[in-house]
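Have a look at the structure below before the remarks.
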Amino acid sequence: MKTGARTLIEALQREGVDTIFGYPGGVVLPIYDELYDSSIRHILVRHEQAAAHAADGYARASGRVGVCLATSGPGACNLVTGIATAYMDSIPIVALTGQVPTALLGNDAFQESDITGITMPVTKHNYLVKNAGEIDRVVQEAFYIARTGRPGPVLVDLPKDVSTGAAQEGRPVPETVSLRGYQPTYQGHVRQIDKALDLIATAERPLVYAGGGVVLSEASAELLQFIETAAIPVTTTLMGLGAVPGDHPLNLGMLGMHGTQSANYAVTECDLLIAIGARFDDRVTGKIDTFAPNAAIIHIDIDPAEIGKNKKVDVPIVGDVKAVLQALLSRMQKRGDTANWVARVGSWKTQYPLYYRNDDRLRPQYVVEQLSDILKGEGIIVSEVGQNQMWTALYYCFKKPRTWITSGGLGTMGYGFPAAIGAHYARPDMPVIDIAGDGSFQMNIQELGTVAQYDIPVKVVILNNMYLGMVRQWQELFYDRRYSYTELPPVDFVKIANAYGVEGLRVEEKADVREALKTALATDGPFVLDFRVEREENVFPMVPAGAAINEMIGVRQP
Amino acid sequence: MKSHTLSVLVENRAGVLSRVAGMFSRRGFNIESLAVGPCEEPNMSRITIVVNGDDGVVEQVMKQTNKLIDVIKVSDLTKRESVERELALIKVAAEGGPARAEILQIADIFRAQVVDVGSKTLVLQVTGDTEKIDALEKLLRQYGIKELVRTGKIALLRGAKTVKSSK
Ligand SMILES: Cc1ncc(C[n+]2csc(CCOP(=O)(O)OP(=O)(O)O)c2C)c(N)n1
């Protein structure tokens, strides 16, 4: 008899799954028994949250669907933060959860939780499978929904009796998925594309605002060709970093709350804003009424609901970013005269470079700069959340898409380390570095056990300021330096790493930074670097909450 | 701000109503009324939702509803010629005497039916558009409304046009 669990494993194999991040428990025993001698590799994490983040990191690094697995009740609930993180950043993962037997559903049975109900707001879709005969179809649909259209997480809940039950044998698996309620639009409307081209042909100060959608759509090459052909400067969101090489002359860097001066000034002065795979998030726009106040707006996105959600748009184009850019390129006949504008924003780049005090102190920005200099884009950089994340976004030069992995929409502390584990399995050929704060690292520090067990060569670079630094920064700037519950006592991270069998090094001098980074990168296995950085360093530029994005603090004024 | 009547064609599956209703409350869209039931297709249901909001809000409501995988089609019937109906059951105090006769007279004018007669109460059944039911309710209030229940609005396009699955 072919069981539901066996059927599940075969369905996963058909989807090309090679790695699952998971944690076992009672109701998933039948599935684990099938995994025992399956060709699918299972990575045992130390907390289910890490399984979800690892699946997410795997997806971001590879562009393929990441998979995690947890037991019912507490196991499933522990996945929720990771699923929500993936949802906010449109990352394709499939989360498999065990469930109590169907006969006990709704009875408050041991380790029952209504995980489809709980995750409804944070999944693209979810399923509670009621009999083994549905498994083939549900798994196929789940992967299809996760990776197509605007990607996102899908959860599949599998009661124990469904896993142990008999699945009808010999039933053919459908070739393709067809869902009458789900038909994403991939090609942009030609009339809208021509309208956009008219605006582009006459604009004097156009600007591209590119987001994570460019990365998700694998459209970096098209974007580069577009900005070069049309001679349009580009700024990217946090999620869009790497979509255009950081050192490209037309690239103004990141915009928004911690954006560069040149990017934020360009948004304020442009007469045409072309938003591509971005969603006018409040961390990007600041005060929305003063965002791009002089510009006509073209918005390209695969999700029609994003268009016009936060900002009124002149030319909406619903479609896959890659397909739309290709159409724009093939139909473009005339470009605007942007030479003056390009020269002007270029001069801002030299006039207002990023700035920190590069003295003989060990400052976090310096650590990131050195890492950038050593790796030259040849690595996958993952971050935690807080100052560490923003310093990395600003001071690391990303050269390629999918080399930057961070929790943007949800801002999940503890995301980076497990996501780095996932990224390693997606790209074992690349060095993977998690840039962390001491606060964030301690949110999933137990994963040292995982990297030790499987000898996963992830390097953790802790920018250790013994504060919840980003919160402390807000307290310093807006709460009169009242550091309410943001100080963290020193922790000997090297000792902790060593206790798990992981190598580590503490660095206290600026002069030792480069050497330490090289040592860690040259080590075969995992490594923890504890940089004791200047404690009260701030992330600048900064747009205070509610201000217009050209009203930055911590900058040299124009 | 204006009321919009949305006709939402959905897969007839467990949980679909909570997906739709949950999305509305999560995104802060106000549901004035909601009616759900089977429709002409065996494995679909039709939900009629009345929402309040300006055009921008209603556009977001429709786009977000459309994004749900189990939603097949969403249309705003407000902008088109449609028939809209609601049904209400009203239990009104009628202790005999002139009140009872007056209530029966009012019911007659509104083409409401008496569906239950008790010694102290009458139950009226009335169908119509929202305004008609509001008007009847207002008139009956002076006699004492003991209980009232309304179905929420249901609606169809007039003529041969239909709201079909072609998303
Ligand atoms: C799970 C979670 N809890 C709380 C927060 C709020 N928060 C944002 S940044 C931050 C401080 C992060 O501190 P640390 O990891 O040490 O990084 P640093 O800012 O010092 O680089 C906090 C608490 C969050 N983003 N995520």
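For chain A, a simple Cβ point-charge model (Lys and Arg +1, Asp and Glu -1, everything else neutral) yields a dipole of about 1040 debye relative to the Cα centre. Taking the Cα centre of region B:91-167 as origin and assigning +1 to Lys and Arg Cβ atoms and -1 to Asp and Glu Cβ atoms, the resulting dipole is close to 540 debye.
Shown for B:106, A:297: other C-beta atoms within 10 Å of each C-beta, ranked fewest to most, produce the order B:106, A:297. Overall shape of region A:364-539 was characterised from the C-alpha gyration tensor. The equivalent ellipsoid obtained from it has semi-axes of 24, 18, 16 Å, in decreasing order. The residue B:164 and residue B:142 beta-carbon pair, evaluated with R₀ = 41 Å, returns a calculated FRET efficiency of approximately 0.35. Here the label points at residue B:17 and residue A:536, each 7 Å from Cα along the C-beta direction, are separated by 5.9 nm in the simple model. Rounded to the nearest whole Hz, the Karplus-based 3J(HN,Hα) values (6.51 cos²θ - 1.76 cosθ + 1.60, θ = phi - 60°) of region A:80-88 follow the sequence 4, 4, x, 5, 5, 4, 5, 4, 5, with x at glycine and proline. Positive contributions from Lys and Arg (+1) and negative ones from Asp and Glu (-1), summed over other residues with Cβ under 14 Å from the Cβ of residue A:105, come out at -3. When the GluC sites (Glu not before Pro) in region A:150-239 are filtered for DSSP coil states and for at most 16 other beta-carbon atoms within 10 Å of their beta-carbon, the remaining sites are A:169, A:175, A:204, A:218. If you average the C-alpha positions of region A:435-488 and of region A:364-413 separately, how far apart do those two centres end up, in angstrom? Each part reduced to its Cα centre gives a spacing of 15 Å. For region A:4-164, rounded, prolate or oblate, judged on the Cα gyration tensor with a ≥ b ≥ c (square roots of eigenvalues), a/c < 1.5 rounded, else prolate if a/b > b/c? Since a/c stays below 1.5, the shape of region A:4-164 is classed as rounded. Taking Lys and Arg as +1 and Asp and Glu as -1, the other residues whose beta-carbon sits under 11 Å from that of residue A:309 total 0. Taking the fewest neighbouring Cβ atoms within 10 Å as the starting point, the ordered list for A:390, A:239, A:120, B:1 is B:1, A:120, A:390, A:239. Site-free segments of chain A were taken between chymotrypsin sites (Phe, Trp or Tyr not before Pro) in DSSP loops having at most 13 other Cβ atoms within 10 Å, sites themselves excluded; the longest one is A:111-354. Two decimals, Cα atoms only, Kirkwood Rh: what is Rg/Rh over region A:190-351? My calculation puts Rg/Rh at 0.91.
Translational diffusion of region A:459-504, estimated by Stokes-Einstein from the Kirkwood radius over alpha carbon pairs at 10 °C in a medium of 1.306 mPa s, is 130 µm² per second. Relative to the longest principal axis of the Cα atoms of chain B, helix B:16-26 runs at roughly 90 degrees. Building the convex hull from the alpha-carbon atoms of the protein assembly as shown and averaging its projection over directions returns 37.5 nm². Spacing of the modelled spin labels on residue A:114 and residue A:180, each 7 Å from Cα toward Cβ, amounts to 2.8 nm.
Beyond a 28 Å Cα-Cα separation, which of these cross-linked pairs lie in this structure: B:120/B:153; A:287/B:153; B:2/B:67; A:376/A:459; A:124/A:311? Violating the 28 Å Cα-Cα cut-off are B:120/B:153; A:287/B:153.
All other residues whose Cβ lies under 12 angstrom from that of residue A:93 are scored, Lys and Arg at +1 and Asp and Glu at -1, for a net of +2. Label-to-label distance, residue A:453 versus residue A:102, with points set 7 angstrom from Cα along the beta-carbon direction: 3.3 nm.
The numbers here are math on the coordinates, done by the rules we state, and not lab data. Computed from a prediction, not measured in an experiment: that's the story for all the values here. Ideal geometry is used to build each Cβ from the backbone, glycine not excepted, and the neighbour counts take in all protein chains shown.
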